[in-house]
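Down below is the structure, laid out as structure tokens.
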Amino acid sequence: MTALHPQPTSTSTPARPRRTGAGVLVGVLLAVLAVASLFIGVSDVSPVSLLSGDSDGTAAFLLVASRIPRTVALVLAGASLGIAGLIMQMLVRNKFVEPSTTGVTEFATLGMLGTTVVVPGMAVVGKTAVAAVFGLVGTWVFLRVVRAVPVRQLVLVPLVGIMLGGVVGAVTTFFAYRLDLLQSLMQWSQGSFAGVMQGRYEFVWIAGAMVVVAWVAADRFSVIGLGEEFATNLGLDFRRVVAVGMVVVAVITAAVLVTAGLIPFLGLVVPNVVSLLIGDNVRRAIPWVAVLGAVLVVACDIVARTVRFPYEIPLSVVVGVVGAVLFLWLLLRRRSRAH
Amino acid sequence: MIALEGVTKRYAGQTVVDDVSISFGGEGVTALIGPNGAGKSTLFGLVGRLVRPDAGRVTVDGLDVATTSSQELARRLAVLRQDNHVAARLTVHDLVEFGRFPHSRGRLTVADREHIERAIAYLELDAYRGRFLDELSGGQRQRAFIAMVLAQDTEYVLLDEPLNNLDLRHMTEIMRLVREMADQLGKRVVTVLHDVNFAATYADRIVAMREGRVVADAPAREVMRPEVLAAVYDTTVDVREIDGRPVALYYG
Ligand SMILES: Nc1ncnc2c1ncn2[C@@H]1O[C@H](COP(=O)(O)OP(=O)(O)OP(=O)(O)O)[C@@H](O)[C@H]1O
Ligand SMILES: [Mg+2]
């Protein structure tokens, strides 16, 4: 190795994959979809009706009270759910986990049911907080179980999580049944933004704030993804970073659950697509995951609103179908790359 | 110096490191040898604050590893473990960049970038810097990990079996590099080796472990004797002088 006098190397080979063109494209796509989302609905809200200043200003009112909140909520929920999946995958070092395959969502749902029973009139803040605390417990339990049961095969880890979620879900259903709350439970388990309006969605901003937290701590999460030994060698407090990640995941899960209900697959699919495109360096991945997550949710919501117009179908159904197809594609692709 | 004072580690009643008191990491290269299961990796784990001792104390430059801030230690001591599996899809450049983490905490300065470039050039990884780790051969990946600890730019560098996965040429090159790191960059390198001939050729000092104890600790040449090696490995080893250097013959 004649590397005694290393010369500054020409960076002819790109130091890292860049996808600037694609990035711009995805950004524009999000903007277009968001604008479209503002103008789709039963009532007539269109640029024309807004500009013509229709008689009583209903269009403007609807835009501010319902359409803008809905679109903002969709963007924030999509972005943050993607991030929750990404962070979870870094913590567990497994690409097949996200809040809904690890029991976190089920725990948060149990928390929501608990507040509905114990403190029926609780404000949304309280509900979100309780759900977040339960979600945190769920993350903790899952990490414990995964640690205690040394699972060799990567795909078995989410199976453990799904089993855990199944148990907690069963308990929740049992209580909901006994307390005549199955209807509420059904509503939470079907994510939909139909009920989103001004004054009733602001909690997704907390989820949005968690995206910022994740971005600030991005390098720490990358290092955690290398494993405890590397992280310790690099001077990181492994446990503390894991704790921060758990809070991020739990808060996002709870905030979205309270606002819209369960949206499956998103946290699984989006980070995996991004991982294929640009890899797992969290700082580089975060903007992609956030924007693609938002694109997927806004697009699916538009489909949910238009496919049976003037009725809506639950967003979770559309996301479920799209997500499942994407996930299958990812699995097959991974296999064909033969690792 | 790295010092262990009466350090003991047990796993489920089995004593893996047995009341070891030793100080190592002087100038130059130290080789740590010993049979499988002797406790070499555990010793590195104890120094690298990954394994908590059941008794005793480990210090690096007088700083107790149990109480000193992890970041402070990460600027003095880099440890590369024996088996490294990175599941995340990271490029070689990403990995080497994370080596700067103890200094940069994520915000790279010009100096950080220079260290990264130097480490990549040193390990001849420039052509692979944009590749994902899962797109490299085992040896290339091993070199990427070594580049990472090199970028960490610590006084002490602990390498656990760095020759894993390397072919003949790269084994020699890595050992030469280890030597250069000591001679030209002033690093104190401690490395676990299984090939005692590499240890004899490139190390100044050899520490031998067996069943959790240090059984030999001397200049390389003095350890390269049939009776010492036989006691360490429990097998007969013939040592011949070739071109004035001791060479152990243990191929049967
Ligand atoms: N986490 C653990 N739990 C239980 N026993 C362990 C653990 N880690 C190591 N051991 C045991 O401690 C002993 C020493 O292991 P260590 O990895 O330090 O050996 P080594 O000298 O590095 O061996 P090798 O040359 O094979 O790498 C072995 O008998 C091993 O089985
Ligand atoms: Mg070992």
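The values are calculated or read from the model by the stated rules, or taken from the named source; none is laboratory data. As the structure is a prediction and not an experimental result, all values here were calculated from the model. Glycine gets a Cβ as well: all are built from the backbone with ideal geometry, and neighbour counts include every protein chain shown. Just the protein is used for accessible areas: all its heavy atoms, side chains included, with ligands, DNA and RNA removed. Shrake-Rupley method; radii C 1.70, N 1.55, O 1.52, S 1.80 Å.
Tabulated results
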read-out	value
Qualifying residue in segment B:74-89 (condition: of a type in the set (A, V, I, L, M) and more than 20 Å from the chain's Cα centre (by Cα))	yes
Residue identified as more than 14 Å from every other protein chain (Cβ to nearest Cβ), surrounded by 20 or more Cβ atoms within 10 Å (Cβ to Cβ) and either of a type outside the set (F, W, Y) or assigned to a loop (DSSP other than H, G, I, E, B) (or both) among A:L91, A:L81, A:L86	A:L81
Residues of segment B:79-105 satisfying the condition of being open to solvent by less than 60 Å² (accessible area, probe 1.4 Å), away from ligand 2 (no atom under 16 Å from the Cβ) and in a loop (DSSP other than H, G, I, E, B)	B:V86, B:A88, B:R89, B:L90, B:G99, B:R100
Residues located in segment B:175-191, provided they are within 12 Å of chain A (Cβ to nearest Cβ) and touching a Gly at 6+ places or on another chain (Cβ under 9 Å)	B:R179, B:D183
Segment B:8-32 - residue that is more than 9 Å from ligand 1 (Cβ to nearest atom) and touching a helix residue (DSSP H, G or I) at 6+ places or on another chain (Cβ under 6 Å) and, of those, farthest from the other protein chains (Cβ to nearest Cβ)	B:A31
Condition met for B:V110 (more than 8 Å from chain A (Cβ to nearest Cβ) and either open to solvent by 10 Å² or more (accessible area, probe 1.4 Å) or away from ligand 1 (no atom under 16 Å from the Cβ) (or both))	yes
Matching residues, segment B:120-131, being open to solvent by less than 40 Å² (accessible area, probe 1.4 Å) and within 9 Å of chain A (Cβ to nearest Cβ)	B:I120, B:A121, B:Y122, B:L123, B:D126, B:R129, B:G130
Qualifying helices (runs of 4 or more DSSP H) (wholly inside segment A:1-73; at least 1 residues being modelled with pLDDT of 70 or more, more than 14 Å from every other protein chain (Cβ to nearest Cβ) and in contact with a Ser or Thr (Cβ under 8 Å, 6 or more places away or on another chain))	A:20-39, A:58-62
Residues located in segment B:26-38, provided they are crowded, with 23+ Cβ neighbours inside 10 Å and either more than 15 Å from B:V196 (Cα to Cα) or within 10 Å of ligand 2 (Cβ to nearest atom) (or both)	B:L32, B:G34, B:A38
Answer residue from segment B:41-78, given it is in contact with a Gly (Cβ under 9 Å, 6 or more places away or on another chain), open to solvent by 10 Å² or more (accessible area, probe 1.4 Å) and within 16 Å of ligand 2 (Cβ to nearest atom) and is farthest from B:M181 (Cα to Cα) among those	B:V51
